[in-house]
Structure formats: C-alpha cells, structure tokens
1. Could you order peptides B:316-323, B:60-67 by the average number of other Cβ atoms within 10 Å of their residues, highest first?
2. How compact and how long is chain B, expressed as Rg and Dmax of its alpha-carbon atoms in Å?
3. For chain B, which whole-number percentage of the solvent-accessible area (1.4 Å probe, protein heavy atoms only) is attributable to carbon and sulfur atoms?
4. Given the options B:Met159, B:Met310, B:Met141, which has the most mean-square fluctuation in a GNM of chain B, springs set between C-alpha atoms less than 10 angstrom apart?
5. Quick check: convex hull of the Cα atoms in segment A:183-265, volume per residue, rounded to a whole Å³?
6. Put A:Asp427, A:Asp438, A:Asp262 in order of accessible area, largest first, 1.4 Å probe: what do you get?
7. Just add up the charged neighbours of B:Arg37: K/R +1, D/E -1, any other residue whose Cβ is under 12 Å from the Cβ of B:Arg37.
8. Counting Lys and Arg as +1 and Asp and Glu as -1, what is the net charge of the other residues whose Cβ lies under 12 Å from the Cβ of A:His434?
Amino acid sequence: MTNSSPLAVGRLLGGTAFALVLGLTPMAASTPKDTLVIADKLDSSITMDPAEVFEGTAAEVMGDIYDRLVRFSEKDPAKPVNDLAQAWSVSPDGKTYSFELKPGIKFASGNPVTAEDAAWSLQRAIILDKSPAFILSQFGFTKDNVAQMIKQTGPLSLTMTTDKNYAPSFVINCLTANVACVLDKKVVLAHEDKGDLGYAWLKTNYAGSGPLKLREWRTNEVIMLERNDNYYGRKSILGRVIFRHVNESATQRLLLEKGDIDVALGLAPQDLDAVAKEKELKTTATPLGSVFYIGLNQKNPALAKPEVREAMKWLVDYSAIAGTIMNHIGVVQQNFLPNGLLGSSNVNPYKLDVAKAKALLAKAGYPNGFKVTMDVRSSQPYQGIAEAFQQTAKRAGVDIEILPGDGKQVLTKYRARKHDILVYNWDVDYWDPHTNADTFARNPDNADTAKSKPLAWRNAWDIPGLTKLADAAVLERDTKKRAEMYKNIQTEFRKNSPFVMLFQTIGVAALRGNVEGFKLGPSTGSTYLFNVSKR
Amino acid sequence: MNPRTRLFRAARTTGSFLGVLLLTYLGLLAVTFVIGRVIPIDPVLSVVGDRAPEALVARVREEMGLNKPIWEQFWIYICKIARGDLGVSLLTSNPVLKDIKRAFPATMELATAGTIIGAGVGVPLGVWAAVRKGKWVDQTMRVVGLFGYSVPIFWLGLMGLLLFYAKLDWVGGPGRMDVAYEYTLTSVSGLLLLDSARAGQWDAFRNLLSHLVLPATLLGYVSLAYISRMTRSFMLNELSQEYVVAARAKGLSEARIIWRHALRNAMVPLVTVIALSYAGLLEGSVLTETVFAWPGLGLYITNALQNADMNAVLGGTIVVGSIFIGLNLLSDVLYRTLDPRTRER
C-alpha cells in the first residue's frame with residue numbers, strides 16, 4: 001500500500017464495499033409454510049407462569065398453550081364454553097360449583113389430566129398470590145382456606161365453594177382467565193425449589209395441555225410455540241408459531257411487505273393506511289376490552305365542581321380524534337364498559353360543544369376558564385389525544401399544560417393521585433362487567449390509606465351510592481337483570497363521573513394474503529392461533 | 001536499580017492503579033444508584049403491574065428492600081456485587097449477568113463491524129482529505145462527514161432498509177437472522193457469526209452477515225464521519241512539521257512520506273479516538289437497535305431504565321464502565337508501542 005496514491009486507496013475501498021454488498025444472495029421472501037411468524041412488542045412479557053402472567057404477548061399465548069376448565073368459544077369469543085370440563089353445575093344456595101372433567105385428556109408431557117391437577121392449579125395461584133390472584137381470591141379464597149374451598153372429589157371431579165352467592169356468569173367468566181389455567185402438577189412439582197411450587201422454574205418453562213406448547217422464550221427477543229401432538233381436540237394446523245420482538249411500526253411494516261413475517265401486531269394508523277392499499281396484504285380488526293379516558297382528579301378544587309366535570313366532556317372533539325389519531329385503532333365509547341361485555345351501552349351523548357361548556361364553566365364560577373396540568377405518556381395515541389384536547393379546551397378558556405412522561409413515570413404519579421388531569425387507558429382484567437365496574441364505579445374507601453385503590457380512588461371520587469349498586473350487581477344471579485343494573489350504573493356514571501370516557505380500542509392485525517383463520521380475540525388469551533393456516 | 005526496589009515499585013504502581021479502578025467503579029455505581037432511586041418511577045410496578053392489590057404491592061416493596069434508607073440499600077447492593085452477584089432483573093426475571101451475556105455479544109458484533117468499517121474507511125479518507133486540503137475531495141468529505149453527523153441515524157436506518165432490503169433485496173431485514181435459522185442455529189458464545197463459522201454452518205453465516213451488513217455500515221458511517229475528520233486534522237498537523245519538509249528534501253516519495261511518516265505519528269492520538277468511538281458503539285446504539293430490531297445492550301439498558309429495573313441498569317453500567325476502562329488501558333498500551341517516547345527505559 002505504500003506505493004499507491006490515496007486516490008487509488010479510495011477506489012479500492014469503494015470497490016470492495018460494493019462487491020461485498022452485491023455478493024450477498026437475495027433473501028427468500030417468504031416464511032416456512034408450516035410456521036407463522038408474528039412481529040409484536042414483547043417487552044412487557046415478564047413470565048410464562050399462568051399464576052403470574054398478566055400483560056403482553058405472554059398473556060396472549062396462554063390461550064394457545066394452556067387449557068382451563070372453561071374457555072371462550074372459538075366462534076363467539078365472548079361466550080364461555082367447556083374446555084377441560086365436561087359439565088358444571090351450581091348448588092341451590094349458589095355457593096358451590098361442581099366440575100366434571102372430560103376423560104382421557106393428556107398433558108403435553110403425556111401425563112393424564114386429572115381433577116387433582118385442576119384443583120391444585122387453582123390452589124397454587126392463591127398460595128403464590130401474584131398480581132392476577134385477586135381474580136380468584138375475590139371469591140373469598142385465602143392461603144389458609146383454599147384447600148377446603150377448592151377440593152378434588154373424585155378422579156375427574158372437583159368442587160369450588162365461594163363465600164357469597166355470586167352471579168354464576170361472574171364466577172364462570174373469571175374462570176376463563178389465564179390465572180385459572182390447569183397445570184401439570186407432576187411436572188411442575190418435579191422442578192420445585194424450596195417449596196416454591198415450581199414458581200422459579202415455570203417462569204420460563206411450560207407444563208400445560210393446550211393445542212400449542214411453548215418451545216422457547218427469550219425475553220425481548222422471541223417466543224416460539226410448536227404443535228402439541230398430545231392435544232385432545234383438533235390438532236393445530238401450524239407446526240410452529242414464532243413471535244419476534246419488533247418495536248418499530250415502520251420496521252414491522254417493511255418486514256410484512258417483504259414477506260419476512262406473516263402478521264404484524266403493532267402497526268400505527270399511518271402504516272395501517274399504507275397496508276390497506278396493498279394487494280397482497282390484508283387486515284383484521286376486533287374491538288378489544290380496552291378503553292381510553294381522561295381522568296379528572298377530584299382533589300383539584302376546580303375539577304371537583306360537577307359543572308366543570310360535565311363541561312370537560314363537552315370539550316373533546318370525539319369524532320375528529322376518532323377520524324385521525326385513532327383511525328383504525330379506536331371507536332368512540334363514552335361508557336366504562338367496552339362493547340361486547342355484558343351490560344355494555346352504546347349511548348354516546350357527548351360531542352364538541354364549546355358554547356355549552358362555557359355556560360357550564362360560568363355556572364361553576366369559571367367564566368374565563370382556569371389553568372390546569374395534564375399528565376400524558378409520551379407515546380401515541382396518548383400524546384395526540386392530549387394535544388387535541390388541549391386545543392379544544394382552550395376555546396373555552398381552560399388552559400392545559402401538558403406534562404409528558406414515560407409510561408411508568410406517569411403511572412407512578414397517577415397511583416399516588418398527584419395529577420390534575422391525565423389521559424390513560426384501561427384494559428379489562430377478565431371478561432366480565434365487574435372488572436370495570438369494580439374500578440370505575442366502586443370506591444369503598446376514599447382515604448389516602450385505603451386498602452384498595454381503584455381508578456375511582458385514584459381520581460378521589462367518593463361514591464358510596466354507586467359502590468353499593470356495583471356490589472349488588474355482582475350478586476345478581478339473573479343475567480338479564482344483571483345487565484340492566486350495569487346499564488343503570490353507566491347512566492349515572494356518564495352524567496357525573498370525573499372520567500371523560502373517549503374510545504374503545506380496536507385491535508388490528510395486518511397479515512399476508514395467504515394467512516387464513518387469523519382472528520384477534522377481544523380478551524387476553526382469546527386469539528386462537530391453533531386455528532390459523534397458510535395457503 | 002536493584003530488583004527488590006523494582007518489584008516494590010511495580011507493586012506500588014499496580015496498587016495505586018487498582019485503587020483508582022475501585023474508586024472509579026464505586027463512584028460510577030453510586031451515581032447510577034442514586035439516579036435510579038430518585039427518578040419518579042416506582043420499581044414495584046415493574047414486578048407486580050398496575051393491577052395488584054395494595055397488600056401485595058406493600059409486600060413486594062418490603063421484599064425488595066425499598067423501605068430501607070437509600071444508603072443501606074446501596075450497601076447491600078455493593079456487598080452483593082463483591083460476591084459477584086449482579087442480582088435478578090425485574091423485567092426479564094433472569095439473572096442480570098445472564099441477560100447481559102446474551103445482549104452484549106449482539107452489540108459487540110455490531111460495534112466491531114461498525115468500527116472496522118469506520119476506521120478502515122475513515123482513516124484513509126481522512127488522510128486523503130488532508131493531502132488534498134481545500135480541493136474537491138476535501139470539500140466532498142466535509143459534506144459527507146457533516147451529513148453523517150447531523151442526519152438522525154433513525155431516519156438513515158429506515159431509508160437504508162427501504163432501499164437495500166425492501167427494494168433492492170441486497171441485504172437481510174431487521175433482526176439478527178432469518179426466522180428459519182432461529183431453530184437450527186445453536187449459540188455457544190452469543191457471537192453468532194463466530195459460532196456459525198466454527199460449526200461450519202456457512203449458509204447461516206451468510207444469512208447472519210446479510211443482516212449485519214446494513215446496521216454495521218450505518219454505525220460505521222457515523223463513526224467514519226468522526227474518525228475521518230479527526231484523521232484529517234491530525235494529519236494536517238503532522239504534514240506541517242519540519243520532519244516532513246526534511247523528508248521531502250531527502251527526496252522520499254510522497255506516498256512514503258504520507259503513509260510511513262506522517263500517518264505513523266498521527267496514529268498515536270488517533271488510537272484514542274478510535275478506541276473511544278468503539279467504546280461508544282459497544283454501549284449499544286439504542287436507535288439503531290430499535291430500527292433493526294437488534295436485541296443488544298442499548299435496548300436492554302434503556303428498557304430497564306424506563307422501568308426502574310435498577311439491577312439491570314447497574315449491571316449494564318458496570319459492563320459499559322468496564323469497556324471504557326478496558327479500552328482506555330488498551331489505548332495506553334498501544335500508545336507505548338506506537339510512540340517510543342512513552343516507553344520506560
């Protein structure tokens with residue numbers, strides 16, 4: 001090199017780089033035929049243990065890899081049907097539920113599924129007492145009494161006794177949740193460490209009987225499932241399902257267009273627009289059990305005035321936001337129950353009406369509006385919603401200062417109820433109206449030291465009357481009457497609550513044209529991948 | 001000098017060096033720890049989520065030792081570190097060491113390839129620009145450098161993907177490899193290129209390379225922008241020295257003067273520049289890793305910080321700190337080989 005001129009060096013380098021790039025063979029632009037590749041954000045998955053899993057893709061795949069006594073129907077994903085159970089009944093006093101299991105079912109390990117496994121799995125969730133345990137412990141189970149309350153009564157039969165005579169629809173709906181998955185007791189206990197009921201092991205491992213089984217999970221990287229050939233029902237059509245962590249919407253879209261993935265689960269509205277125009281791609285959408293809302297902290301004296309609360313509801317341009325920021329991903333919903341849940345309502349009376357809001361503000365003693373802060377997650381669609389609201393509120397003199405923050409930061413402040421206004425969303429914990437009534441319309445104790453801190457508490461909304469109504473609804477055994485009760489609660493809620501309910505989230509998946517049978521489920525764990533095939 | 005004093009001296013140098021090292025680490029950890037504890041994010045949230053009952057939240061807070069005074073928490077942490085225990089990540093539930101062992105090789109592959117490109121292309125280009133100072137080559141390099149420095153890498157990454165992956169199909173897409181290889185490639189060290197080459201899985205190797213080439217070129221371009229500018233200025237400095245005039249007077253060829261004499265001297269400060277730029281890339285480039293869905297260290301630490309997952313953040317900090325310290329040491333050693341004046345007699 002000592003004798004070559006700098007110019008020659010440059011030519012050489014350029015040439016080498018070019019040759020290197022050209023030398024690479026083009027990629028095969030499709031995924032293997034028996035494998036479904038899904039791009040998703042995997043960073044909120046922290047465990048694969050059904051007793052602890054609550055959020056993210058890990059919670060989603062539980063519907064495919066584990067069975068429970070009852071699960072949501074494949075045809076109508078809001079209707080519970082028997083899964084491992086063959087039949088169930090309630091005692092006349094409404095407290096004891098008896099389950100009979102289907103005979104001859106095997107776990108992926110080959111072990112038979114027995115009532116012992118089913119009862120033990122429920123007991124284990126209560127004893128471990130992780131985040132989702134409350135879905136079961138709300139029936140009065142504790143670490144001390146659960147062995148008596150949930151009992152094996154025969155090789156294939158078990159009973160479960162609740163502390164009150166709850167609405168059977170409520171109890172059965174809760175049993176479809178991930179926390180009620182049935183585990184292979186023998187396999188889990190074989191990996192027990194110092195009496196932890198296999199907790200440390202199951203975090204990253206698998207002991208179920210679902211149509212697919214977990215092959216490998218690498219945090220923030222990949223979740224791999226494969227067909228469970230021991231499954232008792234119709235076997236999965238696909239041999240493998242791979243979730244890959246792809247955070248960026250634009251990156252997901254590129255991968256999908258190129259055929260390197262089959263499904264994209266995290267596309268932003270503008271990318272969905274683009275995907276809709278392409279022939280070899282398609283989309284599928286399902287309204288989810290998730291709502292967006294604006295919370296008004298009642299500790300703020302201005303926001304505590306009933307007229308101000310109502311005025312805020314007239315200061316949101318619902319349809320404009322729905323047509324832009326929430327395009328494809330949300331529909332207007334001004335009630336706390338998302339559509340699809342028992343007792344949900346489609347009464348959406350509010351629209352942007354500045355004059356009306358001004359009159360209400362004047363009545364409350366704020367003819368010229370007031371200044372207030374609003375905490376917002378610094379990501380879409382929260383930011384877009386907040387900015388739109390800031391603009392329309394200003395027209396009535398309400399001067400909102402937006403305080404952007406990271407998700408967990410905003411949440412920490414919210415949980416300490418130190419905000420004024422906040423834009424957030426809420427996902428149902430299980431597919432029953434009580435989950436949202438419990439948090440939006442129940443606040444048994446509004447003190448700072450309260451034992452339970454639902455969303456009504458976080459916004460310091462003291463509501464003994466509504467709390468009573470919600471408590472009654474969960475005990476109503478006539479399903480029709482029960483639905484009516486939730487409708488009434490929501491009528492009152494729409495008028496007076498410090499919650500400006502905005503939208504119900506729509507889940508959208510973008511797919512390659514050759515993917516068949518992919519349908520997003522409305523609740524966690526009801527997107528059944530074992531039904532999917534590829535042409 | 002008698003051997004005993006020499007030994008004593010060496011011991012003293014090593015001792016003081018270790019002392020400085022220890023203090024550096026301690027300071028690094030203390031600052032990171034305090035930041036982690038004062039940011040307004042509740043770490044319990046990452047463990048139990050938003051839905052857990054209050055009683056559970058309180059229990060976990062107690063279990064995590066968050067009710068203790070911050071200095072006590074720090075002391076407990078330091079004691080653990082001393083035993084070689086980096087703790088468990090809240091987010092992934094894995095031991096932090098295991099997480100880092102997985103994330104770091106991904107970053108290392110990318111950073112190494114990026115630095116090879118950055119230095120391999122940047123140094124000659126810088127030399128060239130210095131030799132042709134003020135000519136079109138120099139001007140072009142200035143624009144290229146400025147572009148690399150000022151255009152967001154995020155945008156460059158997406159454009160690169162659009163052109164070379166989506167339209168031209170020259171390179172692999174986001175991710176470290178095609179899905180088909182997720183099942184067949186087993187990794188020992190985490191350095192997948194190395195592992196696949198060692199196992200003789202050449203099609204996997206090619207696939208890995210095709211995925212690496214674009215993000216590495218991109219990182220290489222950014223560091224090239226910096227390295228070439230620095231090379232140019234070091235070279236200009238050298239070329240104006242008297243020994244260059246003397247060499248020319250002696251009748252040496254221009255190429256020999258540039259490559260053998262001037263560059264050799266410019267190399268000394270340049271080594272530090274390259275080492276620091278390498279260290280910067282080894283920290284993980286969050287934006288590049290995001291666009292290319294590259295499961296590296298930058299994403300890991302950022303994600304941990306956003307969730308107040310302090311064990312992971314501190315573990316990552318130790319690794320990044322060690323890289324800087326290690327590369328500084330390395331450039332010191334290289335100094336000594338390159339510059340005879342720094343050698344002890």
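The values are calculated or read from the model by the stated rules, or taken from the named source; none is laboratory data. Everything quoted here is computed from the prediction, not taken from an experiment. In this analysis, Cβ positions are derived from the backbone assuming ideal geometry, glycine residues included, and neighbour counts consider all displayed protein chains. Just the protein is used for accessible areas: all its heavy atoms, side chains included, with ligands, DNA and RNA removed. Shrake-Rupley method; radii C 1.70, N 1.55, O 1.52, S 1.80 Å.
1. B:316-323, B:60-67
2. 24.4, 85
3. Summing carbon and sulfur atoms, their accessible area is 67 percent of the total for chain B.
4. In the Gaussian network model the winner is B:Met159.
5. Here the figure is 107 Å³ per residue.
6. Largest accessible area first, the residues go A:Asp427, A:Asp438, A:Asp262.
7. -1
8. -3
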